[in-house]
Amino acid sequence: LTMASQTVITVQPQFSVAQQPGEWQTGLLDCCSDCGVCLCGMFCFLCLSCQVAGDMDECCLCGSSVAMRTLYRTKYNIPGSILQDFCSIWWCSPCALCQLKRDINRRRAMGIF
């Protein structure tokens, strides 16, 4: 009589979905791809900032923040870093905010926002 070895399961198998890497729908300097957003960003930066924050259900003051850009990038698995987000916001705030709003608009039109 031999003793059969028994396997003890200590961790339940889990199903995980690997999220595909995303990308920005437009480039940082693609202002001409949506002139309305670009004009709003250049002449009424605070209005556009509040629109972006509203789209993301956040406080109006957060729309043009590094945290907002990082949150969005993370949500849609867009490659980058907090340092890149900081540099985009610091040196080119209107362009970074316009890019974010264009991306929101395009994802909304595709039904994935």
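Each value in this text was obtained by applying a stated rule to the coordinates, not by laboratory testing. Treat the numbers as computed from the prediction; the structure is a model and nothing was measured. Cβ atoms come from the backbone with ideal geometry, glycine included; neighbour counts cover every protein chain shown.
Of the numbered criteria (1) surrounded by 18 or more Cβ atoms within 10 Å (Cβ to Cβ); (2) free of Cβ contacts under 8 Å to residues at least 60 places away in the same chain; (3) under 14 Å from residue 45 (Cα atoms), the one residue 93 fails is (1). Across the stretch 23-55, the number of residues qualifying as surrounded by fewer than 16 Cβ atoms within 10 Å (Cβ to Cβ) and not acidic (Asp, Glu) comes to 14.
Looking across the stretch 40-59, the residues that are over 17 Å from the mean Cα position of the chain (by Cα) and not aliphatic (A, V, I, L, M) come down to 40, 41, 43, 44, 45, 47.
Looking across the stretch 18-43, just one residue is β-branched (Val, Ile, Thr) and in a loop (DSSP other than H, G, I, E, B), and that is 26.
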